[in-house]
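These notes are about the structure you will find just below.
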Amino acid sequence: MDRIRIRGGRQLKGQIRISGAKNAALPLMVASLLTDKPLTLHNVPRLADITTMMQLLQQHGVEISAAAGENGHSHGTTLVLKASKITSTTAPYDIVRKMRASMLVLGVLLAREGQAKVSLPGGCAIGARPVDLHIAGLKAMGAEIDIDGGYMVARAPKGLRGGRYTFPKVSVGATEDLMIAAALARGTTVLDNAAREPEITNLAECLSAMGVPIGGIGTETLTIEGVTSFNAIEHAVIPDRIETGTYAMAVAMTAGDVELIGGRVDLIDTVAASLRAAGVTLEDTEKGMRVHRTNGALHGVDVMTEPFPGFPTDLQAQMMALMTRAEGASMITETIFESRFMHVPELARMGANVTIHHQSALVRGVPKLRGAEVMATDLRASVSLAIAGLSAEGDTMLHRVYHLDRGFERLEEKLSACGADIERVKG
Ligand SMILES: CC(=O)N[C@H]1[C@@H](OP(=O)(O)OP(=O)(O)OC[C@H]2O[C@@H](n3ccc(=O)[nH]c3=O)[C@H](O)[C@@H]2O)O[C@H](CO)[C@@H](O)[C@@H]1O
Ligand SMILES: C=C(OP(=O)(O)O)C(=O)O
């Protein structure tokens, strides 16, 4: 298993290109299952999760061709996905267990083929992560769904019909699942208390370009009219706001000065406000945004994770790493996932002072961290340990970096180009 070694103490200086958003690219790829028309996606990041989604879609019958390199839209990969014929309506355990977003095929397979059998998902172990909202929403659209042998077995012999569903809790994945399914359902679907994350808007704009009338984009009520034919379109994946926030925190941690090319402050407004309160400067540039903390100490700030536009849970671990070096205390409250503090004992191995009280972690800043052997437990936790390692004295060895590879494209390359002493140890 690969590891990453970081020797801390170097300031980050230079430029980092922000990749396309993993969490936007995955549902966009699933939307290709709606039609036999090709869907061309630009700015797709090169990540393990994208490869997993390609494998899943290919076994459903989607033909995928990839063209690497720069093009008019972006610097990521361009994927052309064409689902001329669905060859299987089963999403097997071996693929779905690796990545939760795989279960997004449930609604669209059901809408297109009238049946689907999808393994209960895996993904990051950050909480119980039930699937009840996906199931209840699809049932409101006429589906019959049973759980059998670890699979969701779904039928809609007459196809799905439009319906009204009010999410009792905001769910990004369930909103995406129902939006894509609704595009092929008979009639109009209204989704209330829908998620408003930028990745949802990116998906809505793609569906709309494919010919699906969608109202309320960017609001908590989405109205989707089902259609029977779609346009072949090209669509660009938005820049990754989680990667943007992560590098902003890494720069702040090392008192560095970096331009995040393609990064958008408007996608991380709440995070930017917290970082500014902590003493970090963020400003728009022509090519993206600049982050620097050239003078002054970091101040402790309190954050609470919430659905968009609140502070994202996917940046909570990184913010905690940053706060371990702040002056004063910081209260970090996690409201989305009940087990998302697994980085705390690992940060403690590096000398961090963090006490957990139920949903909140009290971080008391320390004057220095010391490098240590640490274990990545999930995707965002793993990168928080890398951020801590960048400012620690001595060497940090990060184990289980396959978690990190799910969501951060060429992390070592991007950081070392800005002066970090970081390398991958193959093994
Ligand atoms: C691939 C992807 O985009 N993953 C993101 C997505 O995950 P994901 O879509 O899985 O997260 P959700 O927004 O669905 O989860 C939010 C909350 O709703 C709960 N829930 C969800 C579905 C359901 O049927 N029942 C239920 O109770 C979850 O356990 C959690 O407590 O949004 C999360 C919240 O921003 C992010 O951390 C993940 O990075
Ligand atoms: C939690 C994440 O991914 P997943 O939903 O696939 O577990 C993530 O992207 O941070």
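So what is the 222 nm mean residue ellipticity for the chain from helices alone, if each DSSP H run of at least 4 adds -39500 (n - 2.57) and you divide by all residues, rounding to the nearest 500 deg cm²/dmol? Walk me through the numbers on the way to the answer.
Working: 14 runs with 126 residues, N = 427.
After summing the helix terms and dividing by residue count, I get -8500 deg cm²/dmol.
Please state the Cα pair-distance histogram of the range 334-427 with 5 angstrom bins from zero: what percent is in each bin?
Histogram of Cα-Cα distances, whole percents per bin: 3, 13, 23, 25, 19, 12, 5, 1.
Can you tell me the relative contact order of the chain? Whole percent, Cα pairs under 8 Å, sequence separation 6 or more.
Numbers: 1089 pairs, mean separation 90.0, N = 427.
Answer for the chain is 21 percent.
How much length, in nm to one decimal, is gained on full extension between residue 273 and residue 125, taken as 0.36 nm per residue of separation minus their Cα-Cα distance? Show your work: numbers first, answer last.
Numbers: separation 148, 0.36 × 148 = 53.28 nm, distance 2.88 nm.
Gain in length upon complete extension: 50.4 nm.
Compute the distance from the alpha-carbon center of the range 1-52 to that of the range 369-418, in whole Å.
Between the Cα centre of the range 1-52 and that of the range 369-418, the gap is 17 Å.
If you average the C-alpha positions of the range 86-156 and of the range 165-185 separately, how far apart do those two centres end up, in angstrom?
13 Å
Would you please report the Å³ per residue occupied by the convex hull of the alpha carbon atoms in the range 278-381?
Working: hull volume 12.6 nm³, N = 104.
Spread over its residues, the Cα hull of the range 278-381 gives 121 Å³ apiece.
Angle between the Cα long axis of helix 241-253 and the longest principal axis of the chain, 0 to 90 degrees, nearest 10?
That helix lies at roughly 0 degrees to the long axis.
Which percent of the accessible heavy-atom area of the range 144-200 goes to carbon and sulfur, probe 1.4 angstrom? Spell out each step's value before the answer.
On the way: 1150 of 2320 Å².
Heavy-atom surface of the range 144-200 belonging to carbon and sulfur, 1.4 Å probe: 49 percent.
Would you work out the Kirkwood radius for the range 122-196? I mean one over the mean of 1/r across all pairs of different Cα atoms, in Å. Before the final figure, lay out the partial values.
Values: mean 1/r = 0.0773 Å⁻¹.
Roughly 12.9 Å, rounded to one decimal.
With Kirkwood's inverse mean 1/r over C-alpha pairs for Rh, give me the Rg to Rh ratio of the range 46-155, two decimals please.
Rounded to two decimals, Rg over Rh is 1.01.
Which whole number of Å³ per residue matches the convex hull of the alpha-carbon atoms in the range 220-305?
Values: hull volume 10.9 nm³, N = 86.
In the range 220-305, the Cα hull volume divided by residue count equals 127 Å³.
Taking 0.36 nm per residue of sequence separation and subtracting the Cα-Cα distance, how much length would be gained by fully extending the chain between residue 417 and residue 221, in nm to one decimal?
Details: separation 196, 0.36 × 196 = 70.56 nm, distance 4.32 nm.
Using 0.36 nm per residue and subtracting the Cα-Cα distance, I get 66.2 nm.
Could you do me a favour and compute the accessible area per residue for the range 323-398, 1.4 Å probe, result in Å²? Don't skip to the answer; put the middle values down first.
Details: 2920 Å² over 76 residues.
Per residue, the range 323-398 has an accessible area of 38 Å².
D for the range 3-57, whole µm²/s, Stokes-Einstein with Kirkwood Rh over alpha-carbon pairs at 10 °C and 1.306 mPa s: what number? Mind dumping the intermediate values first?
Numbers: Rh = 13.9 Å.
Value of D from the Cα-based Kirkwood radius: 114 µm²/s.
Which trypsin sites (Lys or Arg not before Pro) in the range 271-305 pass both tests, a DSSP loop state and at most 16 other beta-carbon atoms within 10 Å? Display every interim value, and only then the final one.
Working: sites: 276, 287, 290, 293; in loops: 287, 293.
In loop regions of the range 271-305 (DSSP not H, G, I, E or B), the sparsely surrounded trypsin sites (Lys or Arg not before Pro) are 287.
Per residue, how many Å² of accessible area does the range 1-55 show with a 1.4 Å probe?
Details: 1810 Å² over 55 residues.
Accessible area per residue, the range 1-55: 33 Å².
Could you give the longest part of the chain that holds none of the GluC sites (Glu not before Pro) found in DSSP loops with at most 13 neighbouring Cβ atoms within 10 Å?
On the way: sites that count: 70, 286, 338.
In short, 71-285.
Once you treat every alpha carbon in the range 141-236 as an equal point and sum by Debye, what is log10 I(q)/I(0) at q = 0.21, 0.22, 0.23 Å⁻¹?
-1.05, -1.12, -1.19
For the range 277-427, what is the charge dipole size about the Cα centre, in debye to the nearest 20, if Lys and Arg each add +1 at the Cβ and Asp and Glu each add -1 at the Cβ? Numbers along the way, then the final one.
Values: 16 positive and 20 negative charges, 52 e Å.
The dipole of the range 277-427 has a size of about 260 debye.
Place +1 on the Cβ of every Lys and Arg and -1 on the Cβ of every Asp and Glu in the chain, take the dipole about the Cα centre, and give the residue among 416, 80, 350 whose Cα lies farthest towards its positive end.
My answer, from the dipole projection, is 350.
Using a Cα-Cα cut-off of under 26 Å, which lysines could be cross-linked to residue 287, ignoring same-chain neighbours fewer than 8 residues away?
13, 22, 414
Projected onto the charge dipole of the range 1-64 (+1 at Lys/Arg Cβ, -1 at Asp/Glu Cβ, origin at the Cα centre), which of 35, 4, 56 gives the Cα projection farthest towards the positive end?
Comparing the listed Cα positions along the dipole, 4 ranks first.
Kindly give the semi-axes, whole Å and largest first, of the ellipsoid equivalent to the chain, taking each as the square root of 5 times a Cα gyration tensor eigenvalue.
Details: eigenvalues 283, 93, 80 Å².
Value: 38, 22, 20 Å, ordered largest first.
How many angstrom separate the Cα center of the range 300-347 from the Cα center of the range 186-239?
31 Å
Stick to the Cα atoms of the range 75-127, pair each with every other, and give me the Kirkwood hydrodynamic radius in Å at one decimal. If you can, show how the numbers build up before the last one.
Values: mean 1/r = 0.0803 Å⁻¹.
So the Kirkwood estimate lands at 12.5 Å.
The values are calculated or read from the model by the stated rules, or taken from the named source; none is laboratory data. In this text the structure is predicted, and so the values were computed from the model without any measurement. Positions of Cβ are backbone-derived with ideal geometry, glycine not excepted, and every protein chain shown enters the neighbour counts. Only protein heavy atoms, including side chains, enter the accessible area calculation; ligands, DNA and RNA are left aside. Shrake-Rupley method; radii C 1.70, N 1.55, O 1.52, S 1.80 Å.
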